[in-house]
Every structure is written in structure tokens, then in C-alpha cells.
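Trainee: If you scroll down you'll find the structure; I have some questions about it.
Since every read-out is calculated from the coordinates, none of them should be taken as a lab result. The structure presented is a predicted model; accordingly, all values stated were derived computationally and were not measured. So basically every Cβ, Gly included, is an ideal-geometry build from the backbone, and we count neighbours across all protein chains shown.
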Amino acid sequence: MATKPKKIKKILLTQPNYAWLSKRTWQFPPYTLCLLKACVGRMAETVVYDPNFGNVSEEEAVKFLKTTSPDLVGITSVSTEYIEVTRHTVALVRKHLPNAVIVLGGVIPTVMPEEAVKDGNADYWILGEGELSFPALVEKLQKGVEDLSGINGLAWRRGGELLFNKSEFIPDLDKIPFPDYSNISGLTLRDYGNIRGKYTPWLVARNYPTAVTITSRGCPYRCVFCAGKTVTGDKVRFRSAENVLAEIDSLCAQGTKEIIFLDDHFLADRNRAVKIMKGIIKKHPGLTWKCANVTVWLLDEKLLRLMRKSGCDSLFISIESGVQRILKEVIHKPIHLEKIPPILRLAKSLGFKIVSSFVIGFPGETWDEIRQTFAFSEKLEVDMVTFHIATPLPKTELMDICLRDGLLPKGHLENISKHAGYGKGFITTKDFTPFELEVVRSFEWDRINFSSGEKKKAIAAICGITAEELEDWRVNTRRSLGVNSLVKNILSSPAK
């Protein structure tokens, strides 16, 4: 059955400026939006617009919307923390482009579909991966096809009925084209690549311009706090080494000097990872790279030496807890703590900078066990330690436990954006309160990391900030017991 085809000649792909509602803003290449642009191809003129670049105001964004006047607007969001600003952005688009088709995708409709579809300003929602679903929707709308039941992961209305199509993961990632970075609203990949990351160590590069990519999707582990199995699946799907190296060729041709791999599990297929590293050594010997997360139990001397030789000098390792019982019985992460110190000492001896991450405040964790995690982290020979407070996200086991046991404040789901941020606590058990977690997290982070002038200097360099910015960060963290007061300081500045 068909209806009158919709005029979709121009598409705008965008995301909120997360700072519009006093959240942290993220200024790195809009990878997923440019990926969708490549998938749409010649079906329509497609413009990518990222108001995070330069911290664009709402007024400026509205002016751009009106000037561009797209027929369809695709909006994404990176985390449930940003649900309010995402709704705000959808409403902004609807107000100023009343006749445009609005499609919402990304993490929010994927892990919070029931909440996402309450927004009457959107016309369609894509749950899960959108690289095939989004162009399929565009094509059917252009042709006037009424039955959209065959589009993977689409939520849509038929008459007054709201329908959810089954969502399946894309099996062959090599079939997805590389991101199209041409004309990001007049910007280039190099413009983004020259932004100096601040505060978040894995975004602080050694060489600029930088670029990001994702070479695999999914994770086989079942960490209690992670929604990854819903977003990308519980089995790892890999792009081939040849496909990854071809993208690296393309990025380097555009001037990239450092690449950040955003995979959940880059090292899951050791042979593939080795091929990629050897390919970098052979074709791009001056390129540097890093992973946003390294699976520590897969590291050994041979692999570490190859990583260093191929241009990696930083390790970001999520250990989560310094208590074996918590890792095994609560978090479900296959780490053996006794094996961690030797491998990190080896990595340090090879010249790696190491940042380790821990999470406190799980149901079933005692106050003494929280203290043991701080003690364990302090003994590690690493350059910086970060601490987060356990945050129950939708579609996670942690959320299920908290709801079952009544550990969350009233109206939590409706106000999730006020709680998320990983420096704020909101789980209450017989062992701790949110306020206690915030206090101990804030002051132990400060005590362990900044015990000497030498450590302060090293951490400032790792985080891409000045000594003055570091001191402001410490003061703000102590006084706010969280992260959101740093919005003004987290904005990145162009590289010189």
C-alpha cells in the first residue's frame, strides 16, 4: 500500500549541544552522524550539523535550521544522561520546522523506548543500529510506502497505533561505508581533529589532528552496570583488519595524526588486533593511537611491546573494584586482582601512561569494601586513578536490582538526567547513602591523585589542562561533589 510520497530532498543530521541544559559538552568528530550520512549517499542532500563545535547557542542553531530548511531531521543522543536536552532539541526543531519529518535515534530510544516515544514531537524512532534502518526509512518515505513493518528496529505509528519493529544487529560491519566527513556544516575532519581534548584522558591526544573510529561492536561480558548488550550486543562483531586499515588510510589522507579507537573490546580478537597494529607500523609509522578502554586480562609482554611499537603509549583500564568478591559476585567482571599489579608494572616499564578506573556504591557492597577499593587503587603503579559512583542505567542488571529492592529515589526514571553523571550517587543501602558516596569519592580522588607536585604536573598533562585549571577542577569537585559544575571549563579550545 502506498501514500503520497514525501518530498525528502534535503536531510539534516544533528545532535543537541549538551551544554544547552547545563550538561557537559563533547567536542569530537560526529562519527555516527557522518556514518549515517555515508549510508544515505545520493538518496538526498545530507548536511551534518553539530552545535557542540564552538558551543553554538540555541539562537544560532535555530538560525541554521531555518536557513538550511531540511525536509527530514535525524537527531541522535549519546547517553540517557542527556534525555532532557534531547527532548528539548526535538521540540526546538518541531517548533521552527513544523513540516519536517523528525527521526530520533541513538542510545535513548534504544534503551528507553517507552520513554522516547512519549515525545509527540518526533515522527519516527530507530532502536538499535541505524546504518541500514535510516536509509531504508528515507527510501520508503520518498516512495510513499505506508507499510514500514520491514524496517529493522523502527518505532512508528499506523493510525493511532504505536508499533515497534524487531531490532537485530548488523551482522557484517564491513558492509557499512566509512563516515563521510565532507561538509560538516562548512567544517572538516581536520577542524574537529585540531580541538584539544580536556579533562577526559582518553580524548587528550599526543598528536593533532585526531580522529575517532569504532572497529568492533559488542561485548561478551555481563558487567552489572553496562547496557552494552542492548546497544551493541553480547557478542563481538568485528570489522576485518583490512577494512580498518583502509579507513586508517582514508583518515591519514585527510591529515589525521592520531586515532582514538572507541571500541568496547578492541583486543577481543588478538589476531585481528595484531594485523591492525602491524599494518599501522608498515603503512603509517608516524601515526599514534589509543583505545578508550583496554581489556587488562588480555595483555601480556608481547602484545604490549607491539602496541608501543605501533604508536600506542596510553592505557585506559577499567578495573572497577579492588575486592575480588565484588568483581565476581556483584559486577561479574572476569578480573583476577593478583594479576593486575605485575602487568601494570610491565606496562609502566615499557613507557605507557596508565589511567585506571574504579566504581563504588554497588548494592551488596559494604563500606569496608569501598575503602578496600581505594586502598587497592592507591597501591597500583599508575599515573592517574578515576572513581565513579555506580549508576543504574535502563536495560541493565543493576537497574533491575535497584528497582526490585527499592534502592532508588522516587521518580528516578522520570528524572534520570538529574542523576546520571557518574559523580553523583542515588543508590541507598543499609551500608551507605548517596551523600556518603559523593563525599568519599570526591576526597579520595583528590587524596590519591594529587599527593605531590610531580603527580599534579603529570595528571595535568594527561588531562590536557593547565596547573590553574587542575586546581579549579579539584576545588569544584570538592565543593560540588560531582562533575556538572565544570561545564564552562570542559569546553575544549582549538589546537595551535
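Trainee: Under a point spin-label approximation (7 Å from Cα along Cα-to-Cβ), what is the Arg305-Glu59 distance to one decimal in nm?
Mentor: 6.1 nm
Trainee: Between His336 and Ser250, what's the calculated FRET efficiency when r is the beta-carbon distance and R0 is 25 Å? Round to 0.05. Numbers along the way, then the final one.
Mentor: Details: r = 40 Å, r/R0 = 1.59.
Once the sixth-power term is evaluated, E becomes 0.05.
Trainee: Under a 5 Å amide H to amide H cut-off, with H placed in plane at 1.01 Å, what residues pair with Trp289 once short-range neighbours are removed?
Mentor: Placed amide hydrogens put Ile259, Cys312, Asp313 under 5 Å from Trp289.
Trainee: On a full-extension model of 0.36 nm per residue, what is the gain between Arg206 and Lys328, subtracting their alpha-carbon distance, rounded to one decimal in nm? Please report the intermediate quantities before stating the final value.
Mentor: Details: separation 122, 0.36 × 122 = 43.92 nm, distance 3.58 nm.
Going from the current span to full extension adds 40.3 nm.
Trainee: Something else now. Between helix 241-253 and the chain, what is the angle of the helix's C-alpha long axis to the longest principal axis, kept within 0 to 90° and rounded to the nearest 10?
Mentor: Tilt relative to the chain: about 80 degrees.
Trainee: Let me ask something additional. Compute the label zone of Glu378 within region 429-473: residues whose backbone N is under 17 Å from the point 7 Å along Cα-to-Cβ.
Mentor: 439-453, 455-456
Trainee: If you build the convex hull over the alpha carbons only and average its shadow over all orientations, what do you get for region 188-494? Give it in nm² to one decimal.
Mentor: Values: hull surface 62.5 nm².
In nm², the orientation-averaged hull projection of region 188-494 is 15.6.
Trainee: Hey, can you grab everything whose amide H is under 5 Å from the amide H of Ile102? Only 5+ residues off in sequence or another chain; H modelled, so Pro and N-termini drop out.
Mentor: Amide H to amide H, under 5 Å and 5 or more residues apart or across chains, Ile102 pairs with Val73, Asp123, Tyr124.
Trainee: For Cα pairs less than 8 Å apart in space and 6+ apart in sequence, what is the mean separation divided by the residue count of the chain, i.e. the relative contact order in percent? Please list the in-between numbers first.
Mentor: Details: 926 pairs, mean separation 69.0, N = 496.
Relative CO of the chain lands at 14 percent.
Trainee: How far is it, in nm, from the label point at Ser69 to the one at Lys278 when both lie 7 Å from their Cα along the line to the Cβ?
Mentor: Once both label points are built, they end up 5.7 nm from each other.
Trainee: Now for a different question. Relative to the present Cα-Cα distance, how much length would full extension add between Arg404 and Thr429 at 0.36 nm per residue of separation? All intermediate terms of the calculation are to be shown ahead of the outcome.
Mentor: Numbers: separation 25, 0.36 × 25 = 9.00 nm, distance 1.28 nm.
This chain segment gains 7.7 nm when fully extended.
Trainee: Place a label point 7 angstrom from the Cα of Leu346 along the Cα-to-Cβ direction, then list the residues of region 378-412 whose backbone nitrogen is under 16 Å away.
Mentor: Answer for this model: 381.
Trainee: Kindly identify region 359-457 as rounded, prolate or oblate by the Cα gyration tensor criterion: order the square roots of the eigenvalues as a ≥ b ≥ c, call it rounded if a/c is under 1.5, otherwise compare a/b with b/c, prolate if a/b is larger, else oblate.
Mentor: Working: a/c = 2.52, a/b = 1.97, b/c = 1.28.
The shape class here is prolate.
Trainee: In addition: Once phi is turned into θ = phi - 60°, what whole-Hz ³J(HN,Hα) does the Karplus curve with 6.51, -1.76 and 1.60 give for every residue of region 41-50, x standing for Gly and Pro?
Mentor: With coefficients 6.51, -1.76 and 1.60, one gets x, 8, 5, 6, 5, 10, 10, 9, 10, 10 Hz.
Trainee: Sort 28-34, 432-438 by packing, meaning the average of other beta carbons within 10 Å per residue, with the highest value first. Write down the numbers at each step before the final one.
Mentor: Values: 28-34: 22.6, 432-438: 17.3.
Going by the mean number of other Cβ atoms within 10 Å, highest first, we get 28-34, 432-438.
Trainee: Work out, step by step, the length gained on full extension between Ser451 and Glu436: first 0.36 nm times the residue separation, then minus their alpha carbon distance; give nm to one decimal. Each step should come with its number before you reach the end.
Mentor: Numbers: separation 15, 0.36 × 15 = 5.40 nm, distance 2.25 nm.
3.2 nm is the gain from fully extending Ser451 to Glu436.
Trainee: With a 10 Å Cβ neighbour count serving as the proxy for reagent exposure, in which order, fewest first, do Trp156, Trp125 appear? Can you show the working numbers first?
Mentor: Numbers: Trp156 19, Trp125 23.
Going from least to most buried by this count: Trp156, Trp125.
Trainee: Quick one: which residues, 5+ away or cross-chain, put their amide H under 5 Å from the amide H of Leu13? H built at 1.01 Å from N.
Mentor: For Leu13, whose amide H was placed from the backbone, the distant partners under 5 Å are Val47, Val48, Tyr49, Gly74.
Trainee: In addition: Once the other residues with Cβ under 15 Å from the Cβ of Val440 are scored (Lys, Arg +1; Asp, Glu -1), what is the net sum?
Mentor: Details: positive: Arg371, Lys424, Arg441, Arg447, Arg478; negative: Glu365, Asp368, Glu369, Glu378, Asp431, Glu436, Glu438, Glu444, Asp446.
It works out to a net charge of -4.
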